[in-house]
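We did not get these values from a lab; they are worked out from the coordinates using the rules stated. Just so it is clear, the model here is predicted, and its values are computed rather than measured. Cβ coordinates were reconstructed from backbone atoms using ideal geometry, including for glycine residues, and neighbour counts include every protein chain displayed.
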Amino acid sequence: MMELWYALVDLLPFEWAQPGSMYFMKNALLAVLVISPLFGILSTMVVHSRMSFFSDALGHSAFTGMAIGALCGFSEPTWAAVLFSLVFALLFNFVRRRTRLASDTVIGVFSSTAVALGIFISTLGSRSFTKFNSLLIGDILSVEPGKIGLLALILLLVLALWGLSFNHLMLSAVHPALADSRGVRVFWQEALFSAAIAVVVTVSMTWVGLLVINSLLVLPAAAARNLAKNMWQYHLLSLLAAVVAGVAGLLTSYYVGSSTGACITLYLAVWFALTFCIRKK
């Protein structure tokens, strides 16, 4: 499969696309083409459900999970981060449904706790925090073919979730009481959606960067909402914005020597500004 991908990339008019060279860049391009649709799809529900800060909190929980995995001596702490983020997401939904506090207050409680716990564990015993610096910025050029396969599997699962549960997810987000009256299990719909975000954020954090990963879950749909006239346009514009910004950000970061995640975010921010200016008031 990868050999076919390399053969296709060899046709591109870039010096890094020459046959037999710079496989790291070719891997990164494929990873961006898989990650971007994930963020584009999930972004629509994040914005529609007004859960932008929740996705940011999940990034903090993923960092804490990484710290726990490193403390336990796991060779691949990402799986500890995935598990911790899933528990974090489910616990958040449980508490949010059983308190009178506003959602942003509950998110603030969970987010601050996760950050504090992560810093505590990562610096326990006077250890240096520097080994976690790479998580803050991310490095898409370090992605391996095996991890791209994992991302592709997650993309397929998210698409299946969208196809099977989209109407229930949308109704639960717009009017939870009405959804509940129609037999929709709102808690489990929200939990399933939160779990999907948790997995995507945690797995891609190493390559995108903790500092900007939340923006990739907000900006595509936020810009699409400025232009879309219906739900189909809303999802399509969000998906296209994520993919185009992802590819443009990767190429820009390669030629200027900057962070890929930051470049993608800046392209999306510019696109949001343009859509805001040309939107119909």
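Could you line up 168, 60, 48 from fewest to most neighbouring Cβ atoms inside 10 Å? All intermediate terms of the calculation are to be shown ahead of the outcome.
Working: 168 19, 60 24, 48 16.
Going from least to most buried by this count: 48, 168, 60.
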For the chain, whose charge dipole is built from +1 on Lys and Arg Cβ atoms and -1 on Asp and Glu Cβ atoms, the candidate among 235, 122, 216 with its Cα farthest towards the positive end is 235
In debye to the nearest 20, the charge dipole size for region 2-278, taken about the Cα centre with +1 at each Lys and Arg Cβ and -1 at each Asp and Glu Cβ, equals 860 debye
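Can you put 205, 22 in order of Cβ neighbours within 10 angstrom, beginning with the fewest? Could the numbers behind the result be given before it?
Values: 205 24, 22 16.
Ranked by crowding around the Cβ, least crowded first: 22, 205.
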Most exposed to least, judged by fewest other Cβ atoms within 10 Å, 119, 68 sort to 119, 68
For residue 229, placing the label point 7 angstrom along Cα-to-beta-carbon and taking region 246-281, residues whose amide nitrogen sits under 15 Å are 279-281
Highest mean packing first, using Cβ neighbours within 10 angstrom, the peptides 195-202, 232-239, 153-160 sort as 195-202, 232-239, 153-160
Over all pairs of different Cα atoms in the chain, the reciprocal of the mean inverse distance gives a Kirkwood radius in Å of 19.6 Å
